[in-house]
Amino acid sequence: MKQDSTRNTAYTVDCEDYVHVVKFNPFDSGDACSLIAYGGNNYVVVGTCRFQEEDAEVEGMQYKALRTFHHGIRVDAIAWSPETRLDALPPQIRFCTAASDRKLRLFTSDLQDKNEFKTFDGHSDYINDLVFAPKEGQEVASVSDDHTCRVWDLEGNEKAHFVLRSPGMSVCWHPEEAFKLMVAEKNGTIRFYDLITQQAILSLECEQTPLMSADWCLKNTLKIGAVAGSDWLIWDITHSSYPQDKRPVHVDRARLFRWSQVNENLFATTGYPGKTTTQLLVHHLGHPQPILTGTAAVGSGLTWHRTLPLCAVGGDHKIFFWVTEM
């Protein structure tokens, strides 16, 4: 399926370094612009975006870098805190990163003089994903190749610790029920944990491996999506512990799965970073074929805008943005 990839990319932002991870803020920060963070080899840049799809006065896209945070090591994952506010005085930016030294770092800044960071130690292997508690933002959950999921408070104390049967690849927090956590393992099992009893309450099975990425649909929390092998898979957790729907999508292997924030039938997947390009596919559950195919030079990371059907992927000195139909 060769398509004109330049026609597909709606917008690009030039970056000083290779972009390993990119993340829109999924929470309302009280500002008309969207916050976006991206991680390079030793820093994190936080900026704002505004698109013509949401503001007729914007031509194309407006991007403004707010601050560069020195990180000192490659950034592998970024999670935004719901406590981030641009409409506060002073503003507060808070996010957490995972890095290749197996540590989490919590950054808090007022974009002026106050710039703090704390390091959380405990994982003994590579950290694959992390997420903030979506209501209060007082806890962070992380999953690792060390076969654990850990929940931390903002001081870096471990509040909960779940032993997994294989590497933890993705972790998601229920948007409404603050005590429910979803953990996806590389062996193809997705488990839901109750943080109060610290017990598993439900599990789903892919029946294929390796599971590389899973996501909880925030528009309809009965839906879970994942990529395993070269397929995407969708569950309705009220029906069965096996997928309702699955389809082969990426020729090599699928790497990431992310639900749109605005439509419960819309999601995106990426293929494994190849030697030259990464394929991004946007899918709609009502359509048999992907509704958008994009390519990015060795892309990494995948994130959806909070209020638009627009997703972004990092790449070599660039962030690529694609706009799709609802």
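Brief remarks on what is shown
- Meets criteria (part of a strand (DSSP E or B) and in contact with a helix residue (DSSP H, G or I) (Cβ under 8 Å, 6 or more places away or on another chain)) for Thr269: no
- Residue ranges of strands (runs of 3 or more DSSP E) in segment 141-240 with at least 3 members out of contact with any Leu (no Cβ under 8 Å at 6 or more places or on another chain) and open to solvent by 10 Å² or more (accessible area, probe 1.4 Å): 158-163, 199-205
- Among (1) within 23 Å of Leu285 (Cβ to Cβ); (2) under 19 Å from the mean Cα position of the chain (by Cα), the one test that Glu185 misses: (1)
- Screening Thr307 with (1) open to solvent by 30 Å² or more (accessible area, probe 1.4 Å); (2) polar (S, T, N, Q); (3) part of a strand (DSSP E or B) gives one miss only, at (3).
- Test set (1) at pLDDT 95 or above; (2) closer than 23 Å to Leu256 by Cα; (3) open to solvent by 30 Å² or more (accessible area, probe 1.4 Å) - Ser100 fails condition number: (1)
- Scanning segment 24-57 for residues that are open to solvent by 60 Å² or more (accessible area, probe 1.4 Å), modelled with pLDDT of 95 or more and either assigned to a strand (DSSP E or B) or closer than 14 Å to Asp316 by Cβ (or both) yields no hits at all.
- Under the condition of being in a strand (DSSP E or B), open to solvent by less than 40 Å² (accessible area, probe 1.4 Å) and not hydroxyl-bearing (Ser, Thr, Tyr), the residues counted in segment 74-97 number 10.
The values are calculated or read from the model by the stated rules, or taken from the named source; none is laboratory data. Small disclaimer: the values here were computed from a predicted structure and weren't measured. Cβ atoms come from the backbone with ideal geometry, glycine included; neighbour counts cover every protein chain shown. The protein model used for the area step is the full one, side chains on, heavy atoms only, and it has no ligands, DNA or RNA in it. Shrake-Rupley method; radii C 1.70, N 1.55, O 1.52, S 1.80 Å.
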